[in-house]
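Participant: Before I ask anything, let me first share the structure, which is written out below as structure tokens.
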């Protein structure tokens with residue numbers, strides 16, 4: 001566990017005391033919601049962020065369950081100093097309605113019968129999931145969200161939030177998702193469902209007292225996994241390597257993923273949730289412009305360059321429709337070979353884009369605070385030697401009072417040699433640009449671009465050096481060097 | 001049946017009298033090959049073209065079986081005057097080794113046991129398929145092929161032919177294929193195989209005396225069908241239309257395709273053939289350049305713009321490797337939304353590219369022979385009226401002897417109006433470029449491009465007009481205006 005983790009967390013449960021009505025008119029007598037929260041709700045109650053999970057995700061988005069070695073599914077973006085900064089925000093994640101990881105779904109006990117619902121569970125929609133989240137937030141005393149965010153099916157929920165409760169949030173973040181499920185997406189979901197339903201152990205959904213249809217569920221997951229990766233990702237990851245005489249590595253990988261999945265997921269939940277995804281259509285059969293007409297929030301829409309399951313054009317359609325309503329919309333395409341999975345994997349780019357959108361990523365989060373410096377009056381040779389030993393190309397020069405009075409770079413040294421200059425003083429840059437720890441990283445990056453400099457000294461209110469921000473730090477954060 | 005059909009055909013059979021040895025060292029005691037031929041082998045025996053079929057294809061490539069309403073699978077390209085012109089070529093197609101439509105495969109009776117092979121059938125490769133075709137061609141008395149052609153798995157066989165028997169053919173045509181099966185292709189094949197093998201009725205391949213694993217096979221086919229279509233094709237074909245309350249059109253289509261497939265295909269064959277595809281790697285674990293070093297033929301490599309199962313980059317890799325060996329290679333990308341299936345559907349573009357490559361498509365095949373003309377001495381008004389009434393923009397002008405003496409276009413009329421010219425004579429083009437019926441279409445098209453003209457009069461040996469070739473005719477043939 002690193003210091004930027006939210007630490008040990010526990011899933012909590014809340015049971016709605018009244019019947020929960022679905023969009024279809026059906027209702028569930030009793031609904032339990034599994035959820036986790038990270039960070040603290042402030043006294044103004046205006047710092048809550050709701051995270052919505054994807055098809056097979058759960059409420060455990062960040063931190064560690066006691067004894068676990070693996071953190072929650074989006075731990076890379078949720079925690080102190082991360083994009084969803086738990087020092088600032090109260091972050092909430094709940095398992096969706098219809099799921100199988102604590103929230104009521106087809107595997108839950110129907111209070112009327114004392115048995116698992118199975119196929120008697122009513123078909124739910126993305127809207128129903130969002131309505132349940134709304135009810136559950138009331139229980140937490142939250143009537144307004146700072147933001148709603150999610151990827152894939154989580155992105156659908158985030159969009160649905162903006163449509164269903166337009167006044168209730170300031171910002172919406174949608175990753176690798178769509179506003180309208182396409183026939184290709186439906187087709188992949190249908191073959192996955194058929195894999196489950198054609199397993200005789202599925203038994204029309206009534207398997208809770210017997211053997212689970214694990215073979216069918218595993219096959220469904222294998223199909224899913226192909227669509228989560230890109231052609232290139234598979235080429236890089238597996239190529240034509242063989243596991244043994246009868247199997248390629250890629251086959252072995254899919255089998256492992258499929259089998260592993262059966263340990264944690266309910267086959268009937270897979271059927272209900274994929275169907276909810278298929279039914280998702282914010283155009284309501286008209287246009288997306290029409291479907292999004294009442295939306296009020298600011299949007300960040302992110303797609304992945306190599307995602308062929310939720311291709312970038314679907315994100316751009318959302319952007320276009322929102323733009324027609326004069327909403328503030330940012331669109332970013334993550335550059336990655338990882339395919340759809342990138343919304344879970346490309347933490348550098350996601351942290352950067354989300355932080356910038358939430359407007360709180362500051363120089364402090366990224367700067368290096370241990371900076372080698374030299375004092376006024378040093379020699380050219382001393383400066384060069386320090387650069388070599390500390391492996392740095394920039395040396396701030398400090399006055400006796402600790403204030404920064406200049407900067408010398410390896411380029412300056414080169415210039416001195418070229419021009420037979422022997423005094424450091426004659427090559428040092430005195431006209432230096434600095435920034436402050438509190439400055440937005442975005443503004444600092446713009447400053448570096450404007451002055452064409454690759455490192456920016458960070459100073460305190462007295463002009464004393466407290467760190468240095470280099471373009472290397474920023475690009476590492478961006479993680480743009482995708483495999 | 002249209003006049004360009006090869007008519008009623010019959011599948012024939014040939015049984016190899018000696019054991020057939022496989023690459024693995026295994027052998028089959030007896031092998032039967034199902035095949036069809038169209039056209040006539042000439043006395044020089046140098047006009048034979050071998051057509052190789054894809055995964056689930058068969059020997060019935062063209063014409064009609066007695067009583068059938070549907071022609072063979074590539075009837076659009078094989079027949080009199082078509083790309084594989086049966087007036088010129090002797091076209092042969094055989095069912096592959098391991099198949100289930102007449103050629104020996106896992107469903108065949110093992111002569112040693114008197115029972116179907118099932119899983120005792122040895123694993124075969126693309127190379128084995130080609131070796132069997134070679135033996136069978138010997139039986140037909142063919143020692144040299146004019147060309148080998150195929151799409152998808154058929155393209156793999158065509159490539160393998162060029163590698164295994166480099167001296168035996170002049171030309172090779174590969175459509176929508178690859179020289180090396182990629183991990184994504186392997187992955188899709190593996191989930192299809194799992195769909196079959198996880199059907200309890202599969203019974204480790206021993207189902208020939210009982211019920212067939214139809215549910216598994218149908219699911220395998222459903223998965224396959226998603227990969228044969230493009231996202232756009234599905235959007236255009238199905239959108240979010242619903243079949244009934246519980247099903248989208250796209251789901252209904254997949255179910256229909258899956259169920260239908262079980263009527264004509266053997267599940268074990270599906271396993272063996274997909275594995276042969278997976279094992280296909282002409283680089284032999286080194287480089288494609290190395291793998292193709294002995295190849296001698298001229299190549300036409302065709303890919304499909306929207307094919308994501310066998311993407312264009314894989315065709316380009318073949319082109320690059322062949323080019324390194326200074327071979328004559330043409331590469332064409334079919335512009336189509338139809339995805340992988342385009343190699344069966346885009347008959348216009350395929351006929352054009354294949355005909356041009358086989359160098360026999362002439363102006364005669366494409367020109368319009370009923371051309372409105374005007375006589376010398378006509379007025380400007382008469383010319384304009386005829387253009388309007390005949391809906392044409394080009395009017396050849398004929399001399400009293402019927403020779404073409406000039407041409408007038410709607411552009412000339414416009415020019416006359418603009419410049420207040422009243423006599424047709426003053427705007428007519430006298431310096432006209434013509435072509436002949438026998439001319440290669442390719443050369444004629446180049447001529448039109450060179451002179452920037454959109455219609456070319458076609459004349460006979462006496463200079464008399466016999467037709468007109470317009471860029472519209474060519475582009476209609478090309479079928480570039482994909483949906």
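Participant: How far apart are the residue B:111 label points across copies, placing each 7 Å from Cα toward Cβ, in nm, shortest first?
Facilitator: Once sorted, the set of distances for residue B:111 reads 7.4 nm.
Participant: For chain A, what does the relative contact order come out to in percent, with C-alpha contacts under 8 Å and a separation of six or more? Could the numbers behind the result be given before it?
Facilitator: Details: 956 pairs, mean separation 58.2, N = 483.
So the answer I get is 12 percent.
Participant: Here's another thing I want to ask about it. Two-decimal Rg/Rh of segment B:203-260 from alpha-carbon positions, Kirkwood Rh? Each step should come with its number before you reach the end.
Facilitator: Details: Rg = 14.2 Å, Rh = 12.8 Å.
Checking Rg against Rh, the ratio lands at 1.11.
Participant: Can you put B:335, B:191 in order, fewest other beta carbons within 10 Å first?
Facilitator: Going from sparsest to densest Cβ surroundings: B:335, B:191.
Participant: For segment B:365-478, what relative contact order do you get, as a whole percent, if you take Cα pairs closer than 8 Å and at least 6 residues apart?
Facilitator: Relative contact order comes out at 28 percent.
Participant: Along each of its three principal axes, how wide is the spread of alpha-carbon positions in segment B:25-109, in whole angstrom units, largest first?
Facilitator: 42, 35, 21
Participant: Taking the alpha-carbon set of segment A:266-342, what are its Rg and Dmax in Å?
Facilitator: 14.5, 43
Participant: Indicate, rounded to the nearest 5 percent, the antiparallel portion of the DSSP beta bridges found entirely in segment A:71-220.
Facilitator: Counting only bridges with both partners in segment A:71-220, antiparallel ones make up about 20 percent.
Participant: Counting just the Cα atoms, what span does segment B:151-196 cover along each of its three principal axes? Round to the nearest Å and put the largest first.
Facilitator: Sorted largest first, the three principal extents are 41, 17, 17 Å.
Participant: Turning to a different aspect of this structure: If I take R0 = 35 Å and measure r between the Cβ atoms of residue A:320 and residue A:365 in this structure, what FRET efficiency does the formula 1/(1 + (r/R0)^6) give, to the nearest 0.05?
Facilitator: On the way: r = 33 Å, r/R0 = 0.93.
Computed FRET efficiency for residue A:320 and residue A:365 comes out at 0.60.
Participant: Hey, for residue B:19 with labels 7 Å out along Cα-Cβ, what do the inter-copy distances come to in nm, ordered shortest first?
Facilitator: Its label point is 7.6 nm from the equivalent points in the other copies.
Participant: Taking the Cβ of each residue in B:430, B:193 as the centre, tally the other Cβ atoms inside 10 Å and list the residues starting with the fewest. All intermediate terms of the calculation are to be shown ahead of the outcome.
Facilitator: Working: B:430 9, B:193 20.
If I rank by nearby Cβ atoms, fewest first, I get B:430, B:193.
Participant: Describe numerically, in nm with one decimal, the distance between label points set 7 Å from Cα along Cα→Cβ at residue B:259 and at residue A:381.
Facilitator: About 9.1 nm, to one decimal.
Participant: Normalised by the number of residues in segment A:141-276, what is the relative contact order in percent for Cα pairs under 8 Å and 6+ residues apart? Intermediate values should be presented prior to the final figure.
Facilitator: Numbers: 149 pairs, mean separation 25.9, N = 136.
The normalised contact order for segment A:141-276 reaches 19 percent.
Participant: So what is the orientation-averaged projected area of segment B:378-442, using the convex hull of its C-alpha atoms, in nm²? Can you show the working numbers first?
Facilitator: Numbers: hull surface 22.0 nm².
Computing the convex hull of the Cα atoms and averaging its projections yields 5.5 nm².
Participant: Once the mean 1/r over all distinct Cα pairs of segment B:39-86 is inverted, what Kirkwood radius in angstroms do you read off? Spell out each step's value before the answer.
Facilitator: Working: mean 1/r = 0.0842 Å⁻¹.
By the Kirkwood definition, the hydrodynamic radius is 11.9 Å.
Participant: Taking Cα centroids, how far is segment A:272-330 from segment B:428-471 in Å?
Facilitator: Rounded to whole Å, the Cα centres lie 52 Å apart.
Participant: In nm to one decimal, list the spacings between the residue A:284 label point and its equivalents in the other copies, with label points set 7 Å along Cα to Cβ, shortest first.
Facilitator: Relative to the other copies, residue A:284 has label-point distances of 6.6 nm.
Participant: Could you tell me how many degrees, from 0 to 90 and to the nearest 10, lie between the Cα long axis of helix B:249-261 and the main elongation axis, the longest principal axis, of the Cα atoms of chain B?
Facilitator: So the inclination is approximately 60 degrees.
Participant: Next question. Using only Cα atoms, tell me the angle between helix B:441-450 and the longest principal axis of chain B; keep it within 0 to 90° and round to the nearest 10.
Facilitator: For helix B:441-450, the angle is close to 50 degrees.
Participant: Additional query: Restricting to segment A:1-142, compute how many DSSP beta bridges are antiparallel as a %, nearest 5. Kindly include the intermediate steps, with their values, before the conclusion.
Facilitator: Details: 13 of 20 bridges.
If we restrict to bridges inside segment A:1-142, about 65 percent are antiparallel.
Participant: Something else: How many percent of DSSP beta bridges within chain B run antiparallel, rounded to 5? Present the calculation step by step, with values, prior to reporting the outcome.
Facilitator: Values: 30 of 62 bridges.
Looking only at bridges with both residues in chain B, the antiparallel portion is about 50 percent.
Participant: Another question, if that's okay. Calculate the mean, over all residues of peptide B:177-187, of how many other protein chain Cβ atoms lie within 10 angstrom of the residue's Cβ.
Facilitator: Working: counts 0, 0, 0, 2, 2, 8, 18, 12, 3, 9, 14.
Mean shielding by partner chains, rounded to a whole number: 6.
Participant: Still on this structure, I have one more. Quick one: what Rg and Dmax do you get for segment A:365-478 from the alpha carbons, in Å?
Facilitator: 13.9, 41
Participant: In degrees, nearest 10, range 0 to 90: what is the angle between the Cα axis of helix A:380-390 and the longest Cα principal axis of chain A?
Facilitator: Its long axis makes an angle of about 20 degrees.
Participant: Along its three principal axes, how long is the protein assembly as shown when you only count alpha carbons? Whole Å, largest extent first please.
Facilitator: Result, largest extent first: 103, 81, 61 Å.
Participant: Remind me, what semi-axes does segment A:237-296 give for its equivalent ellipsoid, largest first in whole Å, using sqrt of 5 times each Cα gyration tensor eigenvalue? Walk me through the numbers on the way to the answer.
Facilitator: Working: eigenvalues 324, 59, 16 Å².
Largest first, segment A:237-296 gives 40, 17, 9 Å.
Participant: Return one quarter of the surface area of the convex hull spanned by the alpha-carbon atoms of chain A, equal to its mean projected area, in nm². Before the final figure, lay out the partial values.
Facilitator: Numbers: hull surface 113.0 nm².
Value for chain A: 28.3 nm².
Participant: Using alpha-carbon positions, what is the distance between the centroids of segment B:123-183 and segment B:346-420, in Å?
Facilitator: Comparing the Cα centres of segment B:123-183 and segment B:346-420, I get a distance of 44 Å.
Participant: A further question on this structure: What percentages, rounded to whole numbers, describe P(r) for segment B:136-288 computed over all alpha carbon pairs with 10 Å bin width beginning at zero?
Facilitator: Going from the shortest bin to the longest, the percentages are 10, 29, 29, 23, 7, 1.
Participant: Still on this structure, I have one more. Give me A:6, B:466 sorted ascending by neighbouring Cβ count inside 10 Å, so fewest comes first. Don't jump to the answer; show the numbers that get you there.
Facilitator: Details: A:6 24, B:466 17.
Ordered by Cβ neighbours within 10 Å, fewest first: B:466, A:6.
Only the coordinates and a few stated rules stand behind these numbers; no lab work does. All figures in this text were calculated on a predicted structure; none of them were measured in a lab. As a convention, Cβ positions derive from the backbone with ideal geometry for all residues, glycine included, and neighbour counts pool all protein chains shown.
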